[in-house]
1. I'd like the full set of residues that are loosely packed, with under 14 Cβ neighbours inside 10 Å and at pLDDT below 95, limited to the range 47-72.
2. So in the range 23-46, with the set limited to residues that are of a type in the set (Gly, Ala, Ser) and closer than 21 Å to ASN89 by Cα, which one is surrounded by the fewest Cβ atoms within 10 Å (Cβ to Cβ)?
3. Considering only the range 116-127, how many residues are surrounded by 10 or more Cβ atoms within 10 Å (Cβ to Cβ) and either among the acidic types (Asp, Glu) or in contact (Cβ under 8 Å) with a residue 24 or more places away in the chain (or both)?
4. Those residues that are surrounded by 13 or more Cβ atoms within 10 Å (Cβ to Cβ), without any contact (Cβ under 8 Å) to a residue 40 or more places away in the chain and among the charged types (D, E, K, R), I need them from the range 73-113; list them, please.
Amino acid sequence: MAPRSTGPEPFGVDRFTPVFVISVAAELADMHPQTLRQYDRLGLVSPSRQRGKQRRYSRYDVELLREVQRLSKDGVSLEGIRRILELENQVAALRARVGELMEELDDVRAARAVEHARVFAAGVAGEVVTLARGQRPRARSQAVVLWRPRG
């Protein structure tokens, strides 16, 4: 199950902060604590560890436990569930990377547009005069137009 943004978090605690001990997480997920230990051993839902190796579950972990339970009730094996969760995590990571690459591409396109921008002015006789970047037209009556090629 991929992490999703859900807006502002209550009490300033995000859904990934490990706060629940195993008994509370088991109750929230409607499972037995031993089931949570088994899922941890299998790598399905791996909570954070506190001092003394005590497990701490986040709200996200509890959501994941519920998803595992739902898939299990639908007849998916634990190995199948592990693979599904692994693939969902890969998809989430790839989507995040695509977003990063799109932002980089937008930045490159914006920089290129500025690089290739050309400034023209209309001369006194109506001719087109090319100006260097930062150069102002000689006569005040000349109109300046910024041209950016497409692409």
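The values are calculated or read from the model by the stated rules, or taken from the named source; none is laboratory data. The structure displayed is predicted, hence computed values, not measured ones. Positions of Cβ are generated from backbone atoms using ideal geometry, with glycine treated the same way; all protein chains shown enter the neighbour counts.
1. At the first step, the residues of the range 47-72 found to be loosely packed, with under 14 Cβ neighbours inside 10 Å are 49-54, 70.
Passing the criteria: ARG49, GLN50, ARG51, GLY52, LYS53, GLN54.
2. The first filter runs over the range 23-46 and keeps only residues of a type in the set (Gly, Ala, Ser), leaving 23, 25-26, 29, 43, 46.
Retained after the next criterion (residues that are closer than 21 Å to ASN89 by Cα): 29, 43, 46.
Working: ALA29: 24, GLY43: 10, SER46: 14.
That would be GLY43.
3. To start, the set of residues in the range 116-127 that are surrounded by 10 or more Cβ atoms within 10 Å (Cβ to Cβ) comprises 116-124.
From what is left, the residues that are either among the acidic types (Asp, Glu) or in contact (Cβ under 8 Å) with a residue 24 or more places away in the chain (or both) are 116-121.
Within the range 116-127, residues that are surrounded by 10 or more Cβ atoms within 10 Å (Cβ to Cβ) and either among the acidic types (Asp, Glu) or in contact (Cβ under 8 Å) with a residue 24 or more places away in the chain (or both) number 6.
4. ARG112
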